[in-house]
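Student: Have a look at the structure that comes next, please.
The values are calculated or read from the model by the stated rules, or taken from the named source; none is laboratory data. As the structure is a computational prediction, the values presented were derived from the model and not from experiment. Glycine also receives a Cβ, built like all others from the backbone with ideal geometry; neighbour counts cover every protein chain displayed.
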Amino acid sequence: MAATSGVYSALGSREARALRQGGAADVREALRAVRARTLELADAWEGTHGLRVGYDPGLNPPLWEWGHVAWFQEWWVARNPQRSRGAQADPDAARPPPLLPGADALYDSSRVAHRARWDLPLADAAGTRAYLQRTLEATLDLLDALPPGAGDDALYFFRLAALHEAMHAEAAAYMARALGFAVPMAAAPAWREAGEVHLPAQSFRLGASEPGFAFDNELPHHVVPIAACRIDAQPVTWARFLPFVEQGGYTQARWWSEEGLAWLRTLREPPAPRGAPDQAAAHLSLHEAEAWCRWAGRRLPTEAEWECAALAGAGFEWGGAWEWTASAFLPFEGFVAHPYRDYSAPWFGTRRVLRGAAAATSPWLAHARYRNFFEPHRRDAFSGFRSAA
Ligand SMILES: [Fe+2]
């Protein structure tokens, strides 16, 4: 891994654009790169913490995570008889059995309740690694067998598998942090104070409009009005956030929403772990981001403002933390669920949109159209924010 994670602008990293818009060779590179990261994290977990994890609603047993990554890839690629149809595939089409007998009853996140994942007869570490290896080999064989110039439908599930694995790698990194041990991770970028970007009033086309891969929740693109505003050119750093803490912000109800106050009362730990002053403030709940904004006379940008500013380029940079926005995670009008039906639809209305990318985010995922989403109280993930006015 690189020593410092990326600082991104415009549509995002070279890797994320290549995975979404490139050809089979780019997808192959992505699948191999994200797998190398999965194995690097698995080595770190096994070598430091071990594979036993007590039940916690914010965690998954690591062996379940890795078995699930292998299962997901096999389910949507090698076992999917309609994989060539891309987003038009019937997700319920009958499938041949998995390479690991019984895997459907173990690793299907739609069918295996979260609590049950601690009580399953999962494959051991060696068996799980073998399943990862065999399913990736099957995936790459099928990718290599595609005709030259294979299009977006043919590549859809290969791209989805790579992006899904990248998401689980990030989860393995923040679960490690929550459990208090270190895994290899790029350092967050250091930011120099860079002021604001001015967005003029305009009509902005929100959502994915490029050819290539898009998640269902990025579609359909549609025009939204944007009022003139100013938006931070960079994420809020610890240097900007800490004065709020030091001036007693966590004890002054006036900065907090009703939900924020209720969340404060549930806190067992002192507020906000701290990083270097020039790094993006992170591990913050939505409530902390909103409280800081109220204290500073600012507000969170909407996701449309964020995306518009990112695509305008002109000094708007992101990286180092996911950024809470003012937007609830909702379907764009005309939303149609893609075959992986549980990716978006179950979470609409209860999550808040975050944009950007964290230091632990795979560069293959770091794309300006990407809508991440978390529950407002979450602070175990690498969540920060920027502000607007
Ligand atoms: Fe998953």
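Student: Kindly list, by first and then second residue, each pair from a residue in the range 65-81 that is farther than 22 Å from Ala116 by Cβ and more than 13 Å from the ligand (Cβ to nearest atom) to a residue that is modelled with pLDDT of 95 or more and not in a helix (DSSP H, G or I), limited to pairs with Cβ atoms under 7 Å and residues at least 6 apart or on different chains.
Tutor: Matching pairs, first to second residue: Arg79/Arg95; Arg79/Pro96; Arg79/Pro98; Asn80/Ala89; Asn80/Arg95; Pro81/Ala93; Pro81/Arg95.
Student: Which members of the range 276-297 meet the condition of being in contact with a helix residue (DSSP H, G or I) (Cβ under 8 Å, 6 or more places away or on another chain) and surrounded by fewer than 20 Cβ atoms within 10 Å (Cβ to Cβ)?
Tutor: Selection gives Ala276, Pro277, Asp278, Arg294, Trp295, Ala296.
Student: For the range 21-30, state whether one or more residues are away from the ligand (no atom under 16 Å from the Cβ) and assigned to a loop (DSSP other than H, G, I, E, B).
Tutor: Taking every residue of the range 21-30 in turn, at least one turns out to be away from the ligand (no atom under 16 Å from the Cβ) and assigned to a loop (DSSP other than H, G, I, E, B).
Student: Answer yes or no: is there a residue in the range 101-110 that is aliphatic (A, V, I, L, M), touching a helix residue (DSSP H, G or I) at 6+ places or on another chain (Cβ under 9 Å) and more than 16 Å from the ligand (Cβ to nearest atom).
Tutor: Checked against the condition, which is being aliphatic (A, V, I, L, M), touching a helix residue (DSSP H, G or I) at 6+ places or on another chain (Cβ under 9 Å) and more than 16 Å from the ligand (Cβ to nearest atom), the range 101-110 yields no hits at all.
Student: Further question on the same structure: Being within 30 Å of Ala87 (Cβ to Cβ) and in contact (Cβ under 8 Å) with a residue 12 or more places away in the chain is the requirement here; does Ala304 meet it?
Tutor: In short, yes.
Student: When Gly320 is evaluated against the numbered criteria (1) surrounded by 20 or more Cβ atoms within 10 Å (Cβ to Cβ); (2) more than 27 Å from Glu259 (Cα to Cα); (3) modelled with pLDDT under 95, which criterion, by number, is the only one it fails?
Tutor: Here Gly320 meets the rest and fails (2).
Conditions (1) buried (at least 24 other Cβ atoms within 10 Å of the Cβ); (2) out of contact with any Pro (no Cβ under 9 Å at 6 or more places or on another chain); (3) free of Cβ contacts under 8 Å to residues at least 24 places away in the same chain, marked per residue:
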residue	(1), (2), (3)
Pro331	no, yes, no
Tyr340	no, no, no
Ala357	yes, no, no
Thr361	yes, yes, no
Pro376	no, yes, no
Ala381	yes, yes, no
Gly384	yes, no, no
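Student: Scan the helices (runs of 4 or more DSSP H) fully inside the range 102-189 and keep the ones with 2 or more residues being more than 30 Å from His283 (Cα to Cα) and aromatic (Phe, Trp, Tyr).
Tutor: Ranges flagged: 152-179.
Student: If you scan the range 251-263, which residues turn out to be over 28 Å from the mean Cα position of the chain (by Cα) and either not basic (Lys, Arg) or not in a helix (DSSP H, G or I) (or both)?
Tutor: Within the range 251-263, Thr251, Gln252, Ala253, Trp255 qualify.
Student: Same structure again: Starting from residues that are of a type in the set (A, V, I, L, M) and more than 26 Å from the chain's Cα centre (by Cα), keep the ones in the range 139-160 and report whichever is nearest to Val77 (Cα to Cα).
Tutor: Leu142
Student: Report yes if some residue within the range 232-248 is acidic (Asp, Glu) and crowded, with 18+ Cβ neighbours inside 10 Å; otherwise report no.
Tutor: Checked the range 232-248: at least one residue is acidic (Asp, Glu) and crowded, with 18+ Cβ neighbours inside 10 Å.
Student: Given the structure, is Arg159 within 16 Å of the ligand (Cβ to nearest atom) and at pLDDT 95 or above?
Tutor: Yes, satisfied.
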